[in-house]
Amino acid sequence: MEFEKTIKRQAVVVIHGIGEQRPMETLRGFVSGVKQKLEELDEAEKKSTVRSKPDSIGDIYETVRLSMDSTAKRPITDFYEFYWAHNMRNTKISQMSTWFKRLVFAKRSKVPPALKSLYDTVWVLLIAAPVIAYFVSSYFSSKPLNQFLAPFITATVFPFIMSFLATTFKSVFLNYAGDAARYFTPEPDNIGERSHIRQQGIQFLQKLHTISNNEKVDRIILVGHSLGTVVAYDLLRLLWTEYNRQYDELPEVNQEYLEQINKYANGSEVLDQNSLDKFRDLQYKVWKEQRQVGNKWLISDFVTLGAAINAIDYFMVTDEKVDNLIQQRELPICPPTKDEKDNNIYYNSYPAYTLADGQKRTVKLLNHAGLFAACRWTNIYYSCDFVGGPMTRIFGKGIKDICIQRKSLWILPGGHTKYWDKSDSQNALTLIVNAMQLNSKVIPQ
């Protein structure tokens, strides 16, 4: 029994990254870029209008929903922003110390390839700074003129330099890197903020799943940028555990696509670049199949941009190896980790129910780590953006990694804020639009 319900309305949820983000700043830029690209790809999109409408999903009154009219190919598309920056305020140096020490003093062999140049630069500066300071001090102390300049330097130049450094430190480290440090470090000082972000995000997505009026959506695409990819991943894996066992008692059950995708997880089928498109097609079919048997899960696609989560093994403060967390199925990967006991990614022959006429039925339910059997993951990153990077290194061969060649200074995350920037000639908008597959009416069934 094929699930052929027409998608009449879909939602795109954008999750911003670190820093002093203002509500709607990320979403408006993102929608503006996507709209322009859609118009370039389809003349009919020029007749579509973006309207601002009330956001009944978020728990703050600073955000609105941006709704895009449908076209012959694309259903009505609502754009939402999950805004979380207000949870990370007044970061202290003490809240960053554990994370900072972990990054600086990690073994170089444990540093992801994209971060090695920055790691080396930090160590060169740490070693060179005291040496340079010593020689500069020695040089000036040997000059008689400095006896007259010293009071002037002490009263004016030195305070200016210290004020500049203090302002820069607060702006760059406390207000930006501080968000990452606190989210990646599960210490008592940070638990409250981490929990608030996750609870708000879960409630946000739950509300979106349960809209019952004429604005009900049939499909959700989740888009994360920078640290927002880590937040998005956490929301996906935590929310999935509330949906993965849902089903309806149906007279007919056919789960052939789940059986097919299970072969990639247990090794019966080889997953490589040649078979990736087939695997992703199966993911979409499993998503529809799960809907067919009564699962209310609506998120079909996860898109990550300049994703910090690609280096979770380096950024996350934990005494447990990430590989172990994956093997224990705490962190879902793509394709999903199989259960070693029965070699499947689903609960085998569970649960069983009996219809009114006495016929027995069985529904195979994806386990709590089976998220990416029914959700495609596309990862886009610039080659010079050391925050982003290939996801398959940790999270599996079923993810579509797309690297865009770009040049930048090695110490700067080149293009990190330019992925959907209309004014940037190297933006990733074409790839972003293709990854979201907003023209869901024409997705091969």
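Enumerate the amide H contacts of residue 211 below 5 Å, restricted to partners 5 or more residues apart or on another chain; note that Pro and chain-start residues carry no placed amide H.
Those qualifying (amide H under 5 Å, at least 5 residues apart or on another chain) are 217.
Give me 73, 288 ranked fewest to most by other Cβ atoms within 10 Å of their Cβ, as a rough exposure proxy.
Values: 73 15, 288 18.
With the sparsest Cβ surroundings first, the list reads 73, 288.
Got the relative contact order for the chain handy, in percent, Cα pairs under 8 Å and 6 or more residues apart?
Values: 705 pairs, mean separation 92.3, N = 445.
After rounding, I find 21 percent.
Per 0.36 nm of contour for each residue apart, how much would the distance between residue 56 and residue 206 grow if the chain were fully extended, relative to their Cα-Cα spacing? Let's see the in-between values first.
On the way: separation 150, 0.36 × 150 = 54.00 nm, distance 1.21 nm.
So the chain would gain 52.8 nm between residue 56 and residue 206.
Restricting to Cα pairs below 8 Å that are 6+ residues apart, what does the relative contact order work out to for the stretch 50-123? Please round to a whole percent. Mind showing how you got there, number by number?
Working: 51 pairs, mean separation 13.0, N = 74.
Averaging sequence separation for qualifying contacts and normalising by length gives 18 percent for the stretch 50-123.
Can you spot the aspartates and glutamates whose alpha carbon is less than 15 Å from residue 278's alpha carbon? Ignore those fewer than 8 places along the same chain.
The qualifying aspartates and glutamates are 256, 259, 269.
Along each principal axis of its Cα atoms, how long is the stretch 262-361 end to end? Whole angstroms, biggest number first, please.
Principal extents (Cα only, largest first): 56, 30, 28 Å.
For the stretch 233-316, just say rounded, prolate or oblate: build the C-alpha gyration tensor, square-root its eigenvalues into a ≥ b ≥ c, call rounded for a/c under 1.5, and beyond that prolate if a/b exceeds b/c, oblate if not.
Oblate, because a/c is 1.5 or more while a/b does not exceed b/c.
Using the Kyte-Doolittle scale, find the helices of the chain whose mean hydropathy is at least -0.5 and whose Cα atoms extend 30 Å or more along the helix's long axis, counting only whole DSSP H runs. The partial results should precede the final answer.
Numbers: long enough: 116-141 (38 Å, 1.17); 188-209 (32 Å, -1.05).
Counting only whole DSSP H runs, the qualifying helices are 116-141.
Non-local amide H neighbours of residue 401 (under 5 Å, H modeled in plane, Pro and chain starts lacking H): which ones?
Those lying under 5 Å, H to H, from residue 401 are 379.
Which of rounded, prolate, oblate describes the stretch 1-54, given a ≥ b ≥ c as roots of the alpha-carbon gyration tensor eigenvalues and a/c under 1.5 marking rounded, otherwise prolate only if a/b is larger than b/c? Present the calculation step by step, with values, prior to reporting the outcome.
Details: a/c = 2.32, a/b = 1.42, b/c = 1.63.
The shape class here is oblate.
Using every Cα-Cα pair within the chain, state what percent have a distance larger than 31 Å. Please report the intermediate quantities before stating the final value.
Values: 45928 of 98790 pairs.
Result: 46 percent of Cα pairs exceed 31 Å.
Values in this text are rule-based calculations from the coordinates and carry no lab data. On a predicted model such as this, the values are computed, not experimentally measured, just so you know. Note that each Cβ is placed from the backbone with ideal geometry, even for glycine, and that neighbours are counted across all protein chains shown.
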